[in-house]
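The values are calculated or read from the model by the stated rules, or taken from the named source; none is laboratory data. This structure is a prediction, so every number in the text was calculated from the model and none was measured. Backbone-built Cβ (ideal geometry, glycine too); neighbour counts: all protein chains shown.
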Amino acid sequence: MALRRRTKRWLVAACVVVAVAVFGAFAFRGGTTASQTHPGTRRSATGLVSRRISHTGVPAITGRGRAGRRTPLPFHLSSITPTASQLLAGAPTAPPGWTSAVHTVDQGGLQRSYLTVEPIHLSAPVPVVVLMHGRFMTADQILGYTRLTSSVGPAIFIAPQGYERSWNAGGCCGPAWKANVNDVAFLVAALDSTLSSTPMADRSRVFAVGFSNGGRMAYRLACDMPGVFTGFAAVEAVPVIPCSSMHPVDVTVVAQQNDPLLTTNPGAAPKRIDGTTEPTLPVELARLRVLDGCASSGQVTKAGVSVITTWSCGSGTTLRYVWYPGGRHSWRPSSGATPGATSVVAAMIRSAHDLVS
């Protein structure tokens with residue numbers, strides 16, 4: 001009898017060990033959350049979880065699980081802030097004739113990192129683009145997913161890394177917001193360092209571009225740093241902090257109808273993010289028209305399935321809203337006659353006016 005009891009205990013213990021091992025291997029590979037699972041998911045040599053870029057180079061990040069609830073990432077992913085060496089090792093290959101570098105800055109007792117990607121040889125000043133990733137992403141991932149370096153033309157890209165893969169956009173999001181991290185000061189430091197150390201960085205053409213949480217951060221930068229940016233682009237994002245004044249800038253807003261984190265339909269109820277009620281897109285566009293001194297009515301055009309509304313604004317600036325039917329919370333790829341988010345954002349940067357004195 002005693003032998004049978006011991007044997008039973010050993011079998012139970014063995015089952016527990018096997019279960020833990022299987023779960024550990026499962027978690028190591030990234031789990032099966034709706035927000036991160038992807039057929040091309042792999043783990044890089046640096047230990048960061050990354051995705052093999054598809055032919056579109058675009059991630060699909062739904063951010064929703066069963067019954068429409070947010071599905072959190074495993075703790076080992078959501079709590080990691082990549083080190084500077086990991087960012088550099090994971091950075092996508094720069095286009096031919098370009099180079100990339102990693103930088104660190106001490107800000108508020110934290111060591112923060114950012115990547116820069118720029119042409120090796122420059123004969124004239126070029127735009128500077130601060131490109132901010134979405135929640136759960138990394139700086140190297142947003143560079144690879146958007147492929148803006150291949151679409152904008154000669155430019156200097158700054159890809160900062162968010163605190164625990166998040167940004168404190170004012171009313172959200174994630175660990176950065178909960179810890180009240182001063183992301184504005186970090187981004188100012190990264191931008192100032194790049195402008196002062198790069199003679200060909202054009203201070204009159206500085207742009208903030210962000211996806212999701214990074215798009216919310218782009219709104220905050222435009223509001224908190226008047227006169228610094230020539231324009232900003234928010235892809236699948238609205239602001240989560242009040243802004244009563246803003247220097248006239250070019251603005252591009254990109255949204256898909258079925259994004260579960262946004263409200264694109266007039267009259268529909270607004271969404272709540274981290275306890276903050278965010279504005280609907282129709283309300284936010286009306287606010288931007290007032291702040292930017294735009295005409296009351298815009299010109300509506302169609303390109304493929306996208307609907308593009310363009311308003312002419314004060315000081316020669318432009319507000320552009322690109323809307324796609326269907327879709328989800330993702331960086332929209334181009335398809336046939338339909339321009340994707342990369343094409344739309346690149347067009348803003350290439351055609352921006354020289355506004356900042």
Only listed residue being buried (at least 22 other Cβ atoms within 10 Å of the Cβ), touching a Leu at 6+ places or on another chain (Cβ under 8 Å) and either over 19 Å from LEU319 (Cβ atoms) or of a type in the set (S, T, N, Q) (or both), chosen from SER204, SER212, SER245
SER212
Could you say which residue among PRO242, PRO266, PRO248, PRO270 is at pLDDT below 95, touching a Gly at 6+ places or on another chain (Cβ under 7 Å) and either farther than 30 Å from THR194 by Cα or of a type outside the set (Ser, Thr, Tyr) (or both)?
PRO248
Within the range 140-148, is even one residue in contact (Cβ under 8 Å) with a residue 12 or more places away in the chain, surrounded by fewer than 24 Cβ atoms within 10 Å (Cβ to Cβ) and not in a helix (DSSP H, G or I)?
yes
Output the strands (runs of 3 or more DSSP E) that fall wholly within the range 224-307 and possess 3 or more residues being touching a helix residue (DSSP H, G or I) at 6+ places or on another chain (Cβ under 6 Å), or say none.
231-235, 250-256
Hits in the range 104-122 - residues which are among the small types (Gly, Ala, Ser) and touching a residue at least 60 places away in the same chain (Cβ under 8 Å)
GLY108
Out of (1) under 26 Å from VAL128 (Cα atoms); (2) in contact with a Pro (Cβ under 8 Å, 6 or more places away or on another chain), the one LEU319 does not meet is (2)
Given the criteria free of Cβ contacts under 8 Å to residues at least 60 places away in the same chain and surrounded by fewer than 21 Cβ atoms within 10 Å (Cβ to Cβ), does SER315 qualify?
no
Return yes when LEU131 is touching a Gly at 6+ places or on another chain (Cβ under 8 Å), part of a strand (DSSP E or B) and surrounded by 24 or more Cβ atoms within 10 Å (Cβ to Cβ) and no when it is not.
yes
Pairs needed: first member in the range 150-165, without any contact (Cβ under 8 Å) to a residue 40 or more places away in the chain; second member anywhere, not in a loop (DSSP other than H, G, I, E, B); C-beta distance under 6 Å; at least 6 residues apart or different chains.
PRO154/PRO119; PRO154/VAL126
Counting just the residues of the range 166-180 that are touching a residue at least 24 places away in the same chain (Cβ under 8 Å) and of a type in the set (A, V, I, L, M, F, W, C), which one comes out surrounded by the fewest Cβ atoms within 10 Å (Cβ to Cβ)?
CYS172
Could you tell me which residue of the range 344-357 is modelled with the lowest pLDDT, considering only residues that are under 23 Å from the mean Cα position of the chain (by Cα) and either surrounded by fewer than 18 Cβ atoms within 10 Å (Cβ to Cβ) or among the acidic types (Asp, Glu) (or both)?
SER351
For CYS243, which of the numbered conditions (1) touching a Cys at 6+ places or on another chain (Cβ under 7 Å); (2) under 23 Å from PRO154 (Cα atoms) fails to hold?
(2)
Of all residues being assigned to a loop (DSSP other than H, G, I, E, B) and either modelled with pLDDT of 95 or more or touching a Gly at 6+ places or on another chain (Cβ under 6 Å) (or both) in the range 317-327, which is farthest from VAL345 (Cα to Cα)? Just the residue, please.
GLY326
Does the range 268-276 contain any residue that is of a type in the set (Lys, Arg) and surrounded by 18 or more Cβ atoms within 10 Å (Cβ to Cβ)?
no
